[in-house]
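**Q** Got a structure for you, questions after.
The values are calculated or read from the model by the stated rules, or taken from the named source; none is laboratory data. Model, not experiment: these values are computed from the prediction. In this analysis, Cβ positions are derived from the backbone assuming ideal geometry, glycine residues included, and neighbour counts consider all displayed protein chains. Note: accessible area is taken over every heavy atom of the protein model, side chains too, but ligands, DNA and RNA are not part of it. Shrake-Rupley method; radii C 1.70, N 1.55, O 1.52, S 1.80 Å.
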Amino acid sequence: MARECWFCGSEATAPQHDRVIGMHRDVDSSPTWTLGVRTRWHRTGIRVPRCARCRDGHRIEQATMVLAVAAVIAYSASGQLDRLLGILPSTSSGRVLSAVWAVVACFPALAWIATRQACLPWQRLAPRRLRHARRHPGVQELREDGWKYRPGPFPYWQNPEDPALVGLSAPPAGARKAAGCVTAVLGLASVVVTVVLYLRDSELAAVFLVAALGLFFLSSKINPEA
């Protein structure tokens, strides 16, 4: 049966292209004997019809967003921003080079803005943003009934499932265990980098310290046995 793509109005026949909106409500948290907190909730999912073109367009938009953020972080971490602002000593030619790299680092951000604003005449881009799925009538009806966005309270995969849950499933135990190990290792690496940068009197030490605390927090919330 033919369906209409919610983003562009064309035919959307493949369910694997749909945008799935996970939602939850009735969150109930209670303490456990291990001084932790066990949270239960009800969840469901709404399938928003989407064609292959819009799915690929949304992937391109997300890729440009990640590239834009990574370019800015790489530019700042390389010390070019400090040289451009005069925080680090540099020659006139070095500052010119930093300015050139600043322009290069801004290119992905400009591409992301142009993609979101539909300024690029490329047929593979979706005419509407990914967040347009939240305007779907099925999603709006659940919102009026008290449902909230996301399959559950963040991070939703670390808690035991409620028997009454419907729709989306949590990631498998192997994936949760791998995610917990990776975040813990990254947090430990961030601590080492923080110490090294602190000894060098670098302002980036605070950034890596915050990143380490955030990674350790995430790692503590991922329970592979949930």
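**Q** Which of (1) loosely packed, with under 14 Cβ neighbours inside 10 Å; (2) in contact with a His (Cβ under 7 Å, 6 or more places away or on another chain); (3) at pLDDT 85 or above is the odd one out, the single condition Phe107 does not satisfy?
**A** (2)
**Q** Separate question: Tally the residues that are modelled with pLDDT under 90, assigned to a loop (DSSP other than H, G, I, E, B) and either open to solvent by less than 40 Å² (accessible area, probe 1.4 Å) or among the small types (Gly, Ala, Ser) (or both), restricting the search to region 119-136.
**A** Residues flagged as modelled with pLDDT under 90, assigned to a loop (DSSP other than H, G, I, E, B) and either open to solvent by less than 40 Å² (accessible area, probe 1.4 Å) or among the small types (Gly, Ala, Ser) (or both) within region 119-136 amount to 2.
**Q** Next question, about the same structure. For the list (1) at pLDDT 85 or above; (2) within 20 Å of the chain's Cα centre (by Cα); (3) open to solvent by less than 80 Å² (accessible area, probe 1.4 Å); (4) farther than 16 Å from Gly45 by Cβ, I need the number of the one condition that Arg116 fails.
**A** (1)
**Q** To continue, here is another question. Which members of region 137-186 meet the condition of being of a type in the set (Phe, Trp, Tyr) and either modelled with pLDDT under 85 or not in a loop (DSSP other than H, G, I, E, B) (or both)?
**A** Going through region 137-186, the residues of a type in the set (Phe, Trp, Tyr) turn out to be 147, 149, 154, 156-157.
Passing the criteria: Tyr149, Phe154, Tyr156, Trp157.
**Q** Next question, about the same structure. Give the residues of region 187-226 that are at pLDDT 75 or above, in a helix (DSSP H, G or I) and small (Gly, Ala, Ser), sorted by residue number.
**A** Across region 187-226, the qualifying residues are Gly187, Ala189, Ser190, Ala205, Ala206, Ala211, Ala212, Gly214.
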